[in-house]
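Structure first, then comments.
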Amino acid sequence: MTTTYAFLGEFGDALQFIFQGETTREGAEVGGSQFLDLTWEHLKLSGVSMAIACAISIPLGLWLGHIRRGSFLAISLSNVGRAVPSLALIAFFVAYLGTGFANLTLSLVLLAIPPILTNTYVSVTQVERDTVDAARGMGMTGAEIVRKVELPLALPLIFGGIRISAVNVIATATIAPLAGINTLGDPIINVSGYGDTGRLAAAICVAALAIFTELTLGAVQRAVTPAGLKLEPDTASRRMRIRFGREATT
Amino acid sequence: MNRSEPAQEQGPSARPAAATLEFREATKIYPGQDDPAVDALSLTVPAGEICVLVGPSGCGKTTAMRMVNRMIDITSGDILLDGRSVRERRPAELRREIGYAIQQIGLFPHLTVADNIATVPRLLGWPKDRTRARVDQLLELVSLDPADTRDRYPAQLSGGQRQRVGVARALAADPPLMLMDEPFGAIDPINRERLQNEFLRLQKEIRKTVVFVTHDIDEAIKMGDRIAVLQRGGKLAQYAPPAELLMYPNGRFVEDFVGADRALKRLALQRVRDIDLWKAPLVRVGEPVADARRKVQDSDVPYPLLVDADGRPLGWLSERALTGERVTEDLRSKAEPAVELDDVLRDALSDLLANEAQYGPVLDARGAVAGVLSLEIIGHALQEPPEQVRSGADALAADG
Ligand SMILES: Nc1ncnc2c1ncn2[C@@H]1O[C@H](COP(=O)(O)OP(=O)(O)OP(=O)(O)O)[C@@H](O)[C@H]1O
Ligand SMILES: [Mg+2]
């Protein structure tokens, strides 16, 4: 069995650690199925944080964008989000609020909100004014305009924001063990318990999760882009804007 | 040749599908401004007529139009739709009853043509099959092939097609009033002319009350049953039917605005059938020459016109044809240009000039000669007051 990944050197050892696990000198089972638990915890933390962040920032961004106010809030929030390192944010929260799932979730939510909020806001304000004017002139109410016009047109860029946040959150959830939640960060932080192989194994898992999320949400983003928009002659410039949006908020 | 339609005549009013619109001292002062954008505008648009708001840029045309469906709040005064103030209506509900088409069209890029057109019917909760049938009917109405166009996205349409879809969308719920803000403004001249003609033809069928905004006086003359000329500051300078506006502009501003060529512009308002033509000396081969000569004497035209058994023109006869007992087939020239009864005078004049002809036969719908039109007649028409030449809707109706 050990020979399976041997030719990959240390990397192979790490893969074996992930799939087969080891028993430490203290007799604890690490790696293997224990990694599944860590991954589950990691995903749970990230997923809950993302869900809350979306539930807050998408409606808020849609509303601010619809009334075309609050650009100050949306923009400065994203700047603050970029300026404050996630580690500092978590340290701050843990120091003030104490450890635990809820506090950790709260800090990840705060981390995830700016890209989604900013992208949602920007994409709604980018919907052509004439399109909105026509919608209003035909007798759509504000809520109908948001639901039937602005949201569908903003969806691609909103998912761009979700993608950035999700990758951020997954990467940042690595430091959760500092707040007492055992995620895939545990082997990275507690090297003594897992050894270097365990640390590398965990790093590989986190990277794989991040890449998987990035690719999946990228596919979702393409899927939610309305067919009619893909045909617009300015699709190229629209893509540019999406890419710009990503850079502006990462 | 691209035949232009004459301007609208005063159409028959009071079709149930149209509403009467009345501005009563309607005034708009934008917040933070001292001078009104629209200043105590009072005018009435009878049901089923096209009222064109025209004037230089920034004179308040768009503002006046958008007060009607409360896209812009009225500062003072009132606007009545079928006698009922728009101020007491809920805006969204009011707007669903008023067709709205703008220059930028504002089609929803993420929806198909069919879904775009179905916007208001869906807001009104129409059943699915009724909406679908209506969409196809409207596409046909605006000269688009439903099967081909229905499932396309706006990005897959030409500018002219988009504009047609925009008009179809505005008409979807059969609104008694249409607001159109420079609807053909962004289209090249040839397609604009075509869309204008199509809209006039459409209007003949649907007889909506229409408020049509443009800054182009020629478009105003062509499209309007009545024209409201606005002056900077949103003041109404004159409100009159096109012919009256051209004949009797009520001041320097309107005179300058309609242009120095207003007499020529009037030619676009009249059709050949509206004026008294010369009687044509029609002769057939084999007819006694004495008869032919008498016909020429009775007519203003110096030569007899040879026609076939159905009365269609073959050409002007030469002297040689009248030398014997009976008329022979000796032509001096072909019967060109042939003008049609439904042509507007401007086009007919242009044809005469292009053929360097003093006169030409006028043909009815079957191609038979109905009379002769000459430069002299057109000259008279230019001097006549407009009332005599505006003969009502029958000329239009015949145009089909
Ligand atoms: N939202 C607004 N706030 C303040 N002033 C406005 C607003 N909209 C229009 N105005 C002003 O009101 C006046 C009339 O504008 P309006 O758009 O009605 O002109 P218009 O006749 O439609 O012009 P155009 O032919 O250029 O479309 C202009 O002086 C314009 O600057
Ligand atoms: Mg305007």
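The values are calculated or read from the model by the stated rules, or taken from the named source; none is laboratory data. As the structure is a computational prediction, the values presented were derived from the model and not from experiment. Glycine also receives a Cβ, built like all others from the backbone with ideal geometry; neighbour counts cover every protein chain displayed. Accessible surface areas use protein heavy atoms only, side chains included; no ligands, DNA or RNA. Shrake-Rupley method; radii C 1.70, N 1.55, O 1.52, S 1.80 Å.
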Q: Please work out which one of (1) under 15 Å from the mean Cα position of the chain (by Cα); (2) away from ligand 2 (no atom under 16 Å from the Cβ) is the condition residue B:262 fails and give its number.
A: (1)
Q. Among the residues of segment B:84-97, is any within 16 Å of ligand 1 (Cβ to nearest atom) and either at the interface with chain A (Cβ under 8 Å from one of its Cβ atoms) or assigned to a helix (DSSP H, G or I) (or both)?
A. no
(Q) Of the conditions (1) within 20 Å of residue B:101 (Cβ to Cβ); (2) surrounded by fewer than 20 Cβ atoms within 10 Å (Cβ to Cβ), residue B:211 satisfies every one except a single condition; which number is it? (A) (2)
**Q.** Among residues of segment B:1-55, those that are surrounded by fewer than 14 Cβ atoms within 10 Å (Cβ to Cβ), within 25 Å of residue B:265 (Cα to Cα) and at pLDDT 90 or above, counted
**A.** 0
Q. Restricting the search to segment B:56-79, which residues are surrounded by fewer than 18 Cβ atoms within 10 Å (Cβ to Cβ), away from every other protein chain (no Cβ under 14 Å) and not acidic (Asp, Glu)?
A. B:56, B:57, B:58, B:75, B:76
Q: Report the residue count in segment A:132-168 for those that are open to solvent by 10 Å² or more (accessible area, probe 1.4 Å) and of a type in the set (Ser, Thr, Tyr).
A: 1
Q: Kindly establish whether residue B:117 is closer than 24 Å to residue A:232 by Cα, among the β-branched types (Val, Ile, Thr) and at the interface with another protein chain (Cβ under 8 Å from one of its Cβ atoms).
A: no
Q: Scan the strands (runs of 3 or more DSSP E) fully inside segment B:161-236 and keep the ones with 3 or more residues being within 16 Å of ligand 1 (Cβ to nearest atom) and either more than 25 Å from residue B:149 (Cβ to Cβ) or at pLDDT below 95 (or both).
A: B:209-214, B:226-231
(Q) Here are the criteria: (1) of a type outside the set (Ser, Thr, Tyr); (2) within 16 Å of ligand 1 (Cβ to nearest atom); (3) open to solvent by less than 20 Å² (accessible area, probe 1.4 Å). Tell me which single one residue B:292 does not satisfy. (A) (2)
Q: Hey, could you check segment B:142-190 for residues that are of a type in the set (S, T, N, Q) and either over 19 Å from the mean Cα position of the chain (by Cα) or surrounded by 23 or more Cβ atoms within 10 Å (Cβ to Cβ) (or both) and say which is farthest from residue A:231 (Cα to Cα)?
A: B:163
Q: Filter segment B:365-376 down to residues that are among the aliphatic types (A, V, I, L, M) and modelled with pLDDT of 90 or more and give me whichever is surrounded by the most Cβ atoms within 10 Å (Cβ to Cβ).
A: B:373
Q | Criterion (modelled with pLDDT of 95 or more, assigned by TED's automatic domain parsing to the domain that holds residue B:41 and within 16 Å of ligand 2 (Cβ to nearest atom)) met by exactly one of B:113, B:68 | A | B:68
(Q) I'm checking my understanding of the structure. Among residues of segment B:214-232 that are within 13 Å of the chain's Cα centre (by Cα) and open to solvent by 30 Å² or more (accessible area, probe 1.4 Å), which one is farthest from ligand 2 (Cβ to nearest atom)? (A) B:226
Q) In segment A:81-94, how many are among the hydrophobic types (A, V, I, L, M, F, W, C) and in contact with a helix residue (DSSP H, G or I) (Cβ under 7 Å, 6 or more places away or on another chain)? A) 5
Q | From A:57, A:86, A:33, A:49, residue being buried (at least 17 other Cβ atoms within 10 Å of the Cβ), under 24 Å from residue A:200 (Cα atoms) and of a type outside the set (A, V, I, L, M, F, W, C) | A | A:86
Q.
If I ask for residues that are closer than 19 Å to residue B:240 by Cβ and either within 14 Å of ligand 1 (Cβ to nearest atom) or more than 27 Å from the chain's Cα centre (by Cα) (or both), which ones from segment B:40-64 would you list?
A. B:40, B:41, B:52, B:53, B:54, B:55, B:56, B:59, B:60, B:61, B:64
Q: Having 3 or more residues that are touching a strand residue (DSSP E or B) at 6+ places or on another chain (Cβ under 8 Å) and not charged (D, E, K, R) is the bar; report the strands (runs of 3 or more DSSP E) wholly within segment B:264-340 that clear it.
A: B:305-307, B:313-317
Q. Which of the residues belonging to segment B:81-102 are in contact (Cβ under 8 Å) with a residue 60 or more places away in the chain and buried (at least 18 other Cβ atoms within 10 Å of the Cβ)?
A. B:81, B:96, B:97, B:98, B:99, B:100, B:101, B:102
Q. Exactly one of (1) within 16 Å of ligand 2 (Cβ to nearest atom); (2) under 16 Å from residue A:134 (Cβ atoms); (3) touching a residue at least 40 places away in the same chain (Cβ under 8 Å) is unmet by residue B:63. Its number?
A. (2)
Q | Hits in segment B:105-125 (condition: assigned to a loop (DSSP other than H, G, I, E, B) and buried (at least 17 other Cβ atoms within 10 Å of the Cβ)) | A | B:105, B:106, B:107, B:108, B:109, B:110, B:111, B:112, B:118
Q) Within segment A:180-187, is there a residue that is more than 14 Å from chain B (Cβ to nearest Cβ), open to solvent by 30 Å² or more (accessible area, probe 1.4 Å), assigned to a helix (DSSP H, G or I) and under 30 Å from residue A:96 (Cα atoms)? A) no
